[in-house]
Amino acid sequence: MKSYINIFAFILHVSVVISCHNNFAQSIDSVNVTEKKDTLKIFWTNEEALEYKNITPFYRRVDTSLTGIQKYKLLNNEKPFTARFSNSGFAYRDLEFNTKYNFEFISSRQFFKDHFLTNENARYYNTTIPFTDVFFEMGPKREQIFDILFTRNFKKNLNLSAEYKLIHSPGKYSRQKSDDAFVILTGNYSTKNKRYSVIGNYFYNRMKIQENGGLKFDSVFTNNTQKSREFILVNLTNAENRVKESGFYIRQFYFLGFNGKKENDSTKTDLPYTGFGRISHNILFKNQSFVYLDNNPMSGFYPVAMLDTSATHDSIHINTIENTLDWSNINFKDKYNRQRIIFHLSIKHKYSKLFGNSTDTSVFSLIPQINFRIKICKDLELSANSFYFLRGYNKGDHSSTGILKYNYNKDTLDAEYIGIRADYFKQSPTWFDQQYSSNNFFWNYTFDPTYTGKAGLFYNYKTLNLAVNYFQIRNYIYYDNYARPKQFNNYIELLQLVLKKDFKWKKWEIDNKILYQKTFGASLIRLPEIESNNAFYFTQNFFKNALTTQFGLEITYINSYYPMAWMPATKEFYLQNDFKSDNYPYVDLFVNLKIKRARIYFKMDHVNSGLMGYNYFLIPHYPMSDRAFKFGISWMFYD
């Protein structure tokens, strides 16, 4: 813990020093002094926003609101419906079904991914002043989450940012500690005329997780015969998962064209410009490592120990390099997004080398892609995306997506719209699903490709979000009761309804999300039928608005179903039919405070623990946390 405090103190000191230096330098600039009064001029964008526009118009303001701060920087902020463990920093399973083509050939399921800071979720900032956001949460049993972001424009068109996140959670149960660290460095630069731009990032993610295999006897918990949770017997006493991912990503954009001769008309200040679209190139290099350790493989938890009965040391390492060349007809002079038709043509080359205890292989793929957007009329827009694996490991795989959307307003950052969407893709089985060799598991299968179709209707108006989705999957790959992959050679259908609506009346605010999902054909996709997340806020200002307070209640309800079990050795969730969870609401009480730039929350997590019995499991044999007090603070420095 001392090392974390030292790191925090050092980064905070550096941030303050740089901020002070920058404020002194800007004090001689009257324009910047004026902008300094606007404390919200901290903007960010992501790579997805750059596909149809230049980098400048797509910046979003950083959120400084108080509402929702009690789940700030946490997994359940974006994903309120997840099957997870009792403490932070572990694997999770998303209970809101969604599927898309997976480019990770090693495994189709990434149960750690949303913890990571990667190029897929990287943010690129633009600030008039240096900005630092420090977040810290303290929970039971010395659980600590620390996240610091610092960003600064060194020139008007050059920004560098750094984010560092730590999760340290020993947990209440034996051998259930997480020790995770995540780092991302990002930068973006544009020339003065915006004709050339570049974005890039370096990322490093490390998760070190103790695995206890769950409770040996659930009845000890459900009957509450042992109130000291650390003394309840668990299945594994020496197991550990280690996951690492690191790499860098660079993408460059350049508008092709030239300026013509100046016309005789002296009233025209701009030279005539002839454009040939925009060309871009990106390169991604990534290292991945998955290691599983257990000094007692003969504990009886696994089916068998095949290679070494004294110790398990399973490891898989993947090195990947990708290059993508893209050309688009985007108009360099189109500052206000008036271009009727925009399309992209690209080609991607991907090479991966995989090696482990008994594996040494390499695969490559060549993937052409096309996507376009057409403004049919002023507010009606059609967009589509399609790619095909021309050569390589997934040869013949393809994906197509089409979206027809009607916009109610012109603000592309906060639009109100209605639309329909259709997706269809063919996915070859991943390497991990077909062949795997470890100390406790071995399989060698040949599966058929999976075909997935999705049709959806979505509606967004002010604080109302509504989506209706229908999925049809053929040749679904799942993990059976023995934690081994199997394929269902028939159709599975799933209907999904998502309703999100926020209400606000005077000092009262209610945020609601309700999810309904129904599976037809086979019970292989295990999901609750009904889930809901409801947060109630009452806001009050004190001391002439110097202090803003929110008193709130949050309820997350999960319908009864047969949840999927967790196999630490393969890092996969698998089917089980012995345990059925109860209909259960998880209730949290919180108080949020805002004092100038500091946002603080005090939270009583799972306040109804024990009042409705002790059968609160989201993963079999892994109880959710008991009643616990948590404290968190987010402090922003931006002047």
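Please work out if Ser358 is assigned to a loop (DSSP other than H, G, I, E, B) and touching a strand residue (DSSP E or B) at 6+ places or on another chain (Cβ under 6 Å). So Ser358 fits the description; yes.
Tell me yes or no: at least one residue of the stretch 530-537 is closer than 30 Å to Asp605 by Cα and among the hydroxyl-bearing types (Ser, Thr, Tyr). Before the answer, list the steps.
Looking only at the stretch 530-537, we keep the residues that are closer than 30 Å to Asp605 by Cα, and these are 530-537.
Those left that are additionally among the hydroxyl-bearing types (Ser, Thr, Tyr): 532, 537.
Yes, that holds for at least one residue.
Filtered by the rule that a residue be open to solvent by less than 50 Å² (accessible area, probe 1.4 Å) and either touching an Asp or Glu at 6+ places or on another chain (Cβ under 6 Å) or among the polar types (S, T, N, Q) (or both), the stretch 244-260 gives a lone residue, Ser246.
The single condition among (1) open to solvent by 20 Å² or more (accessible area, probe 1.4 Å); (2) free of Cβ contacts under 8 Å to residues at least 40 places away in the same chain that Tyr478 does not meet is (2). Checking every residue in the stretch 226-243 against the condition of being in a strand (DSSP E or B) and surrounded by fewer than 17 Cβ atoms within 10 Å (Cβ to Cβ) gives at least one match.
Can you find, within the stretch 373-403, the residue that is surrounded by the most Cβ atoms within 10 Å (Cβ to Cβ) among those that are among the aromatic types (Phe, Trp, Tyr) and part of a loop (DSSP other than H, G, I, E, B)?
If we filter the stretch 373-403 for residues that are among the aromatic types (Phe, Trp, Tyr), which is where we start, we get 387-389, 393.
Filter once more, keeping what is part of a loop (DSSP other than H, G, I, E, B): 389, 393.
On the way: Phe389: 21, Tyr393: 17.
If we take residues in the stretch 373-403 being among the aromatic types (Phe, Trp, Tyr) and part of a loop (DSSP other than H, G, I, E, B), then Phe389 is surrounded by the most Cβ atoms within 10 Å (Cβ to Cβ).
The C-beta contact set for the stretch 129-142 (first residue among the hydroxyl-bearing types (Ser, Thr, Tyr), second residue surrounded by 19 or more Cβ atoms within 10 Å (Cβ to Cβ) and modelled with pLDDT of 95 or more, distance under 6 angstrom, 6+ apart or interchain) comprises Thr132/Phe150.
Checking Asn475, Asn489, Asn512 one by one, the residue that is on the phi > 0 side of the Ramachandran plot and of a type outside the set (Phe, Trp, Tyr) is Asn475 and no other.
On the basis of being free of Cβ contacts under 8 Å to residues at least 40 places away in the same chain, surrounded by fewer than 18 Cβ atoms within 10 Å (Cβ to Cβ) and farther than 30 Å from Gln517 by Cα, does Ala598 make the cut? Taking the combined requirement at face value, the residue satisfies it. Look at the stretch 270-296: where a residue is in contact (Cβ under 8 Å) with a residue 40 or more places away in the chain and at positive phi and a partner is crowded, with 16+ Cβ neighbours inside 10 Å and part of a strand (DSSP E or B), sitting 6+ places away or on another chain with Cβ atoms under 8 Å, you get Gly277/Phe255; Gly277/Trp327; Gly277/Ser328. Restricting attention to the stretch 406-429, the residues that are at pLDDT 90 or above and in a loop (DSSP other than H, G, I, E, B) total 2.
Restricting attention to the stretch 481-521, the residues being part of a loop (DSSP other than H, G, I, E, B), open to solvent by 20 Å² or more (accessible area, probe 1.4 Å) and touching a residue at least 24 places away in the same chain (Cβ under 8 Å) number 5.
Set side by side, the residues Phe332, Phe355 differ, and just one is at pLDDT below 90, more than 19 Å from Lys405 (Cβ to Cβ) and open to solvent by 40 Å² or more (accessible area, probe 1.4 Å), which is Phe355.
For the stretch 453-471, enumerate the residues that are open to solvent by less than 70 Å² (accessible area, probe 1.4 Å) and not β-branched (Val, Ile, Thr).
Quick first cut of the stretch 453-471, residues open to solvent by less than 70 Å² (accessible area, probe 1.4 Å) only: 453-456, 458-460, 463-465, 467-469, 471.
Within the stretch 453-471, Gly453, Lys454, Ala455, Gly456, Phe458, Tyr459, Asn460, Leu464, Asn465, Ala467, Asn469, Phe471 meet the criteria.
What is the residue count in the stretch 205-225 for residues that are more than 24 Å from Ala122 (Cα to Cα) and either of a type in the set (D, E, K, R) or open to solvent by 30 Å² or more (accessible area, probe 1.4 Å) (or both)?
Just the residues of the stretch 205-225 that are more than 24 Å from Ala122 (Cα to Cα), to begin with: 209-225.
Of the ones still in play, those that are also either of a type in the set (D, E, K, R) or open to solvent by 30 Å² or more (accessible area, probe 1.4 Å) (or both) are 210-211, 216-220, 222-223, 225.
Number satisfying all stated conditions: 10.
The single condition from (1) open to solvent by 30 Å² or more (accessible area, probe 1.4 Å); (2) modelled with pLDDT of 95 or more; (3) out of contact with any helix residue (DSSP H, G or I) (no Cβ under 8 Å at 6 or more places or on another chain) that Tyr164 fails is (3). Candidates Phe629, Phe617: the one that is open to solvent by 30 Å² or more (accessible area, probe 1.4 Å), in contact (Cβ under 8 Å) with a residue 40 or more places away in the chain and within 20 Å of Arg229 (Cβ to Cβ) is Phe629.
Where strands (runs of 3 or more DSSP E) fall wholly inside the stretch 59-137, the ranges with 3 or more residues that are touching a Ser or Thr at 6+ places or on another chain (Cβ under 7 Å) are 92-94, 124-127.
The values are calculated or read from the model by the stated rules, or taken from the named source; none is laboratory data. Keep in mind it's a predicted model, so treat the numbers as computed, not measured. So basically every Cβ, Gly included, is an ideal-geometry build from the backbone, and we count neighbours across all protein chains shown. Remember, those area values only see protein heavy atoms, side chains included, never the ligands or the DNA or RNA. Shrake-Rupley method; radii C 1.70, N 1.55, O 1.52, S 1.80 Å.
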